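Take a look at the structure set out below.
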């Protein structure tokens, strides 16, 4: 049991000494896959709404021959590059999600660690893998430790702390430096501005700020700027300040350094809010098993809990309008009627289903009108943030098919395979704002999957730039 006021010291001592040798095979494999997939989300996000604007705005920080804005190939100061790359990574709603706590565990850590590694140069693949794995693990553990449960742990809140740990590892900071890094990063924790309603794009920007904060915190700590003392425990600590109660500290320290939470998290296979994924998973299974044709569908009922109804089902009449006729891509990403309708019509839910043409398609909107969300409070029970959902499809021939989904595709209990993940990277690269040669995409894939043999991870940047 961790005593009051000693948790940060325990952790920073661990952060300073833990290295690649502590990672087991599963942790190494998962970390590589998370890095590859996250880089793919950056590439896909480079052409998303808001990407050009955040890039243009970040250039106001000044030119700097430090870190690459991926796809565009232009170098900016490391904190600015992390801001742009992480914002792009979150723009398509494809980033990796922890179904237990809703935490986007990698999206701030990878862009931050990569930007800093490129700035200083000479960071080996092994050291980079350790930095990312430990940073991601810490963010997840903080989320799991949060009370009351079940927890919805936001990446704009945990991201600065997780990214700071990864960046501190990249800089090889000692225990004191890691403590200062955490203390500085704590100043940048936020719970605000996380809008999921069109036309706002601040949800994706918040992740950019989290990554930027991690880089800044580590650089300031290396320069000798003193951080706070106990960051996590006590009246002014993270848990009490934001949640008004102490955390479950055993969840942070249990098997620390021998069990890595990154292996318990999988990629999102669909570019929409994770709360739409159980329904989409169920629809795809029913289409596959029963050969249902979209033109034969009379009605679809999706049974969801109150939390999902409020976020992706349409709680008020005004909410329902945007769920059934999205005003923009963000509305569509957070709509069960839209995502289910698109899946029924096209037998998939890919980035192609979130183009302006599809959002305005009367065919899609008409099908969305046949999708009814049904409130079932029983579905809110259970320990996970991502709740079960039940899909019922009724045909014009009066046949009925149903599927209850406990674990949506991408959950480790319903996993995406390694081969599928590699394929997804190539698909996401195809949406880059500037075309990337297939040879570069293939070389980047081999580079990441062979990171333990890499001498300098900065060499990945040219492979991911046009």
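When each of 149, 268 is scored by the number of other beta-carbon atoms lying within 10 Å, the sequence from fewest to most is 149, 268. Taking a ≥ b ≥ c as the square roots of the eigenvalues of the alpha-carbon gyration tensor, the range 130-181 is classed prolate because a/c is 1.5 or more and a/b outweighs b/c. With a/c under 1.5 counting as rounded, go ahead and sort the range 353-426 into rounded, prolate or oblate using the C-alpha gyration tensor (a ≥ b ≥ c being the square roots of the eigenvalues; past the cut-off, prolate if a/b is larger than b/c, else oblate). Oblate shape, in that a/c is at least 1.5 and b/c is the bigger or equal ratio. Taking 0.36 nm per residue of separation and subtracting the Cα-Cα distance, full extension of the segment from residue 452 to residue 348 would add 33.9 nm. Rounded to the nearest 10 degrees, the angle from helix 78-89 to the longest Cα principal axis of the chain is 20 degrees. Here the Kirkwood formula puts the hydrodynamic radius of the range 274-405 at 14.5 Å, using every distinct Cα pair. Between residue 315 and residue 202, the distance separating the two model label sites (each 7 Å from Cα on the Cα→Cβ line) works out to 1.8 nm. Computed on the chain, with alpha-carbon pairs under 8 angstrom and 6+ residues apart, the relative contact order is 22 percent.
Cα axis of helix 202-222 to longest principal axis of the chain: angle in degrees, 0 to 90, nearest 10? The angle comes out near 10 degrees.
I'd like the projected area of the range 59-114, averaged over all directions, using the convex hull of its alpha carbons. Report it in nm² with one decimal.
Projected over every direction and averaged, the Cα hull of the range 59-114 covers 4.0 nm².
Cα gyration tensor of the range 1-137, axes a ≥ b ≥ c as square roots of the eigenvalues: rounded (a/c below 1.5), prolate (a/b > b/c) or oblate? Prolate, because a/c is 1.5 or more and a/b exceeds b/c. Antiparallel beta bridges, as assigned by DSSP with both residues in the chain, represent about 75 percent of the total such bridges. The translational diffusion coefficient of the chain, from Stokes-Einstein at 25 °C and 0.890 mPa s with a Kirkwood hydrodynamic radius over alpha carbon pairs, comes to 110 µm²/s.
Here the gap between residue 65 and residue 466, fully extended at 0.36 nm per residue and compared with their Cα-Cα distance, gives a gain of 142.6 nm. Residue separation of residue 25 and residue 190 scaled by 0.36 nm, minus their Cα-Cα distance, works out to 56.0 nm of gained length.
Each of 316, 10, 281 was scored by other Cβ atoms within 10 Å of its Cβ. Listed from fewest to most, they are 316, 10, 281.
For the chain, find the longest principal axis of its Cα atoms and tell me its angle to the long axis of helix 277-290, 0 to 90°, nearest 10. Long axis of 277-290 versus the principal axis of the chain: about 50 degrees. When 425, 128, 401 are sorted by how many other C-beta atoms sit within 10 angstrom of their C-beta, beginning with the fewest, the order is 401, 425, 128.
Any read-out appearing in this document is the output of simple, stated calculations on the displayed coordinates, not a laboratory observation. On a predicted model such as this, the values are computed, not experimentally measured, just so you know. A quick note on method: Cβ atoms are made from the backbone with ideal geometry, for glycine too, and the neighbour counts reach across all protein chains shown.
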